[in-house]
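**Student:** To start, I am sharing the structure in question, which I have written as structure tokens.
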Amino acid sequence: MSSVAIAILNWNGVTYLEKFLSNVIQNSVNENTKVYIIDNASTDTSIIYLEQNYPTVSIIQLDKNYGFAEGYNRGLAQINADIFVLLNSDVEVTPNWIEPIVTAMELDNNVAVCMPKIKSYLNKEYFEYAGAAGGFIDKYGYPFCNGRLFDKIEKDKGQYEKTREIFWASGAAMFIKSKVYNELNGLDNDFFAHMEEIDLCWRVKNRGYAILYIPLSTVFHVGGGTLPKANPFKTYLNFRNNLFLLHKNLPTNTKNKIIFTRKILDGIAFIKFLISLDFKNCNAILKAHIDYYKSIKKLDVSRNKLQNKITKQTHKEIYNKSIVLDYFVKRKQKITL
């Protein structure tokens, strides 16, 4: 069996470590699987708690908070394993959650990334926002999942019980072959947090690898543990990083048109916040676009490096319409690919 490293990124998350770490260890650790805590320079009692209660868990201490992307990159650079599992600290795993995914990855050399079914820890009959039953995007870069469309979250009624190819796997519980992670230079540090896993998965897909959703494995995710849903900084990261995502990975023949349309859609979102007098989120969108323009030269450099290594650019897991139009105007409650 492949060696597996479960890497949990922590920043001032002692409450989650107290609640979930024993569960992860109990249902995961064996001769092939080891748990690592990558600590983003926590100032709470996380390290003391780990040293006193889990002396056998490997701790990688970083010198400052590097965010999700660079934090993982710096931590995983110090870990040797065949498969990396990026696991949020607020996730409860289940017995036998690792084996079905590792088996699928071992059976097919082309399968580079997998994710389990992700359900809500707070309401266990329902899927969880960040991943649900596998991630997709529409033609304008808006992400959605089987089991979640915008804020509409489905109850798990067994409707997503087949292993299938998806476009992106959630960073809350992502399995990735270490050789692929290293080949692609991991997550993009410039994203800091939010959508960095979609960017990585898009690059994985463009190299011709497959990404799978494996429902035989289930985890439960609290979600929203780092930044609250209405946090303006989260709004900023989502709008900025979505532009980063599109600029880096879109095919050349559609890039400018798609980004232009996306800017118009972002403008509509800005007006919506303005009408509701939500000036903090207005400023977040404005700052996101300003910082995108400031980053274009750097993004072009990244894009040019990636273009030379693309083996596949057309993906059936990209919805070739607008989910914004379908959901808010046409009132579609579900998109199926």
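The values are calculated or read from the model by the stated rules, or taken from the named source; none is laboratory data. Since we're looking at a predicted model, the values are computed, not measured. Here the Cβ positions follow ideal geometry from the backbone for every residue, glycine too, while neighbour counts run over all protein chains shown.
**Student:** Output the qualifying pairs, or none if there are none: Cβ atoms under 8 angstrom, residues six or more apart or on different chains, first residue in region 277-294 and closer than 17 Å to Leu265 by Cα, second residue of a type in the set (Ser, Thr, Tyr) and surrounded by 15 or more Cβ atoms within 10 Å (Cβ to Cβ).
**Tutor:** Note: pairs meeting the criteria are Asn281/Thr235; Ala284/Thr235; Ala284/Tyr236; Ile285/Thr235; Ile285/Tyr236; Lys287/Tyr236; Ala288/Thr235; Ala288/Tyr236.
**Student:** Same structure again: If Leu184 satisfies all but one of (1) surrounded by 24 or more Cβ atoms within 10 Å (Cβ to Cβ); (2) farther than 23 Å from Ala132 by Cβ, what's the number of the condition it fails?
**Tutor:** All conditions are met except number (1).
**Student:** Next up: If the Cβ limit is 7 Å and pairs must be 6+ apart or interchain, which residue in region 111-130 that is within 14 Å of Leu87 (Cα to Cα) pairs with which residue that is at pLDDT below 95 and assigned to a strand (DSSP E or B)?
**Tutor:** Listed by first residue and then by second, the contacts come to nothing, as the list is empty.
A quick yes/no check of all residues on (1) within 28 Å of Lys162 (Cα to Cα); (2) in contact with a strand residue (DSSP E or B) (Cβ under 7 Å, 6 or more places away or on another chain); (3) touching a residue at least 12 places away in the same chain (Cβ under 8 Å); (4) not β-branched (Val, Ile, Thr):
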residue: Ala5; (1), (2), (3), (4): yes, yes, yes, yes
residue: Ile37; (1), (2), (3), (4): no, yes, yes, no
residue: Ile48; (1), (2), (3), (4): no, no, no, no
residue: Tyr66; (1), (2), (3), (4): no, no, yes, yes
residue: Ile79; (1), (2), (3), (4): no, yes, yes, no
residue: Asn96; (1), (2), (3), (4): yes, no, yes, yes
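**Student:** So for region 91-101 (the condition being in contact with a helix residue (DSSP H, G or I) (Cβ under 6 Å, 6 or more places away or on another chain), of a type outside the set (Val, Ile, Thr) and closer than 26 Å to Asp190 by Cα), does at least one residue qualify?
**Tutor:** First, the residues of region 91-101 that are in contact with a helix residue (DSSP H, G or I) (Cβ under 6 Å, 6 or more places away or on another chain): 92-93.
Going one step further and asking which of them are of a type outside the set (Val, Ile, Thr), we end up with 92.
Next, from what is left, pick out any that are closer than 26 Å to Asp190 by Cα: none.
So far as region 91-101 goes, no, none of its residues is in contact with a helix residue (DSSP H, G or I) (Cβ under 6 Å, 6 or more places away or on another chain), of a type outside the set (Val, Ile, Thr) and closer than 26 Å to Asp190 by Cα.
**Student:** Continuing with this model, one more query. Please pick out the residue among Ala288, Ala269, Ala284 that is among the aliphatic types (A, V, I, L, M) and touching a Lys or Arg at 6+ places or on another chain (Cβ under 6 Å).
**Tutor:** Details: Ala269 fails: touching a Lys or Arg at 6+ places or on another chain (Cβ under 6 Å); Ala284 fails: touching a Lys or Arg at 6+ places or on another chain (Cβ under 6 Å).
Being among the aliphatic types (A, V, I, L, M) and touching a Lys or Arg at 6+ places or on another chain (Cβ under 6 Å) holds for just one of Ala288, Ala269, Ala284, which is Ala288.
**Student:** For residues that are aliphatic (A, V, I, L, M) and touching a helix residue (DSSP H, G or I) at 6+ places or on another chain (Cβ under 6 Å), scanning just region 293-311, find the one that is surrounded by the fewest Cβ atoms within 10 Å (Cβ to Cβ). First the steps, then the outcome.
**Tutor:** Step one: filter region 293-311 for residues aliphatic (A, V, I, L, M), giving 296, 299, 301, 306, 310.
Then keep just the ones that are touching a helix residue (DSSP H, G or I) at 6+ places or on another chain (Cβ under 6 Å); that gives 299, 310.
Values: Leu299: 18, Ile310: 14.
Here the residue is Ile310.
**Student:** Filter region 12-38 for residues that are of a type in the set (S, T, N, Q) and surrounded by 18 or more Cβ atoms within 10 Å (Cβ to Cβ) and give the result. It would help to see each step written out before you state the result.
**Tutor:** First, pick out the residues of region 12-38 that are of a type in the set (S, T, N, Q): 12, 15, 22-23, 26-28, 30, 32-33.
Ser28, Thr33, listed by residue number.
**Student:** Output yes when any residue across region 220-240 is modelled with pLDDT of 95 or more, outside any helix (DSSP H, G or I), closer than 30 Å to Pro95 by Cβ and not hydrophobic (A, V, I, L, M, F, W, C), and no when none is.
**Tutor:** Yes, because at least one residue in region 220-240 is modelled with pLDDT of 95 or more, outside any helix (DSSP H, G or I), closer than 30 Å to Pro95 by Cβ and not hydrophobic (A, V, I, L, M, F, W, C).
**Student:** Here is a list: Asn88, Asn65. Which entry is more than 14 Å from the chain's Cα centre (by Cα), at pLDDT 95 or above and either under 30 Å from Asn238 (Cβ atoms) or of a type in the set (Val, Ile, Thr) (or both)? It would help to see each step written out before you state the result.
**Tutor:** Details: Asn88 fails: more than 14 Å from the chain's Cα centre (by Cα).
After ruling out the rest, the residue left standing is Asn65.
**Student:** In the list Leu245, Leu212, which residue meets the criterion of being under 20 Å from Tyr292 (Cα atoms), in contact with a strand residue (DSSP E or B) (Cβ under 9 Å, 6 or more places away or on another chain) and modelled with pLDDT of 95 or more?
**Tutor:** Working: Leu212 fails: under 20 Å from Tyr292 (Cα atoms).
The match here is Leu245.
**Student:** Related question: Residue by residue through region 188-222, note down the ones that are farther than 20 Å from Tyr72 by Cβ and β-branched (Val, Ile, Thr).
**Tutor:** As a first pass, look at region 188-222 and keep what is farther than 20 Å from Tyr72 by Cβ: 206, 208, 210, 212-218, 220.
Across region 188-222, the qualifying residues are Ile214, Thr218.
**Student:** Against the conditions (1) among the small types (Gly, Ala, Ser); (2) surrounded by fewer than 14 Cβ atoms within 10 Å (Cβ to Cβ); (3) closer than 19 Å to Asn73 by Cβ, where does Ala41 fall short? Just the number, please.
**Tutor:** The number of the failed condition is (2).
**Student:** May I pose another question? Residues in region 187-202 that are closer than 18 Å to Val301 by Cα and buried (at least 22 other Cβ atoms within 10 Å of the Cβ): how many? Before the answer, list the steps.
**Tutor:** Step one: filter region 187-202 for residues closer than 18 Å to Val301 by Cα, giving 187-191, 196, 199-200, 202.
Filter again for buried (at least 22 other Cβ atoms within 10 Å of the Cβ), leaving 187-188, 191, 196, 199-200, 202.
Residues that pass the stated criteria total 7.
**Student:** If the requirement is being loosely packed, with under 13 Cβ neighbours inside 10 Å, polar (S, T, N, Q) and under 22 Å from the mean Cα position of the chain (by Cα), which of these qualifies: Thr252, Thr314? I'd like the intermediate steps shown before the answer.
**Tutor:** Working: Thr252 fails: under 22 Å from the mean Cα position of the chain (by Cα).
None of the others qualify; the one that does is Thr314.
Conditions tested, residue by residue: (1) more than 27 Å from Gln26 (Cα to Cα); (2) surrounded by 19 or more Cβ atoms within 10 Å (Cβ to Cβ); (3) among the polar types (S, T, N, Q).
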| site | (1), (2), (3) |
| --- | --- |
| Ser89 | no, yes, yes |
| Val93 | no, yes, no |
| Asn110 | yes, no, yes |
| Leu122 | no, no, no |
| Phe127 | no, yes, no |
| Ala130 | no, yes, no |
| Lys157 | yes, no, no |
| Ala169 | no, yes, no |
